[in-house]
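Just so it is clear, none of the values below were taken in a lab; they were calculated from the coordinates. Just so it is clear, the structure is predicted and the values come from calculations on it, not from any experiment. Glycine also receives a Cβ, built like all others from the backbone with ideal geometry; neighbour counts cover every protein chain displayed.
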């Protein structure tokens, strides 16, 4: 795996594995880091392989294979051609070694303290709050509208989704959601 750095191919949503198959057939050296995750369906639980970087496949593109790689079905574009947008062999080798050795590598949303999120699973499903801190899990602050009191809830990062884009925090005040009886303890002063 030593040699030229890797280009990052931006691919269509959910086309990572198909693009990797096409690149194999076209003899273009590529790497699609996959991790295994337990997925719960309505009737059973399975182990699924998912891309570590959704929407991206790494490829070694030399001038002779550029047209072949870029014309692969599902490839949208290459992320830049300058050296600053190439991924080094060492970085991908570390990822490959980590996945092979069984390290728990998972995609991580770019959450920061103050980000407004919605809980996706569990008793508090669809309740919104604000990320207060990160430890082993993500701590979300939730306010009960009727009492004007807040409490924190620790959830897995995968169990929350971002509600609004991140904005700099200013005034903190609860925002009432009359449909659910919950308030969002907002770091944005909405």
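Which ordering of 95, 46 is given by a fewest-first count of other beta-carbon atoms within 10 Å?
46, 95
Determine the equivalent ellipsoid of segment 7-100 by diagonalising the alpha-carbon gyration tensor, then write out the semi-axes as square roots of 5 times the eigenvalues, largest first, rounded to whole Å.
26, 16, 11
Testing the spin-label approximation: label points 7 Å from Cα along Cα→Cβ at residue 90 and residue 161. State their distance in nm.
Placing both labels 7 Å along Cα→Cβ, they lie 3.9 nm apart.
Quick one: order 58, 124 by neighbouring beta-carbon count within 10 Å, fewest to most.
So the ranking, lowest neighbour count to highest, is 124, 58.
Exposure proxy check: 41, 6 ranked by fewest other beta carbons within 10 Å?
So the ranking, lowest neighbour count to highest, is 41, 6.
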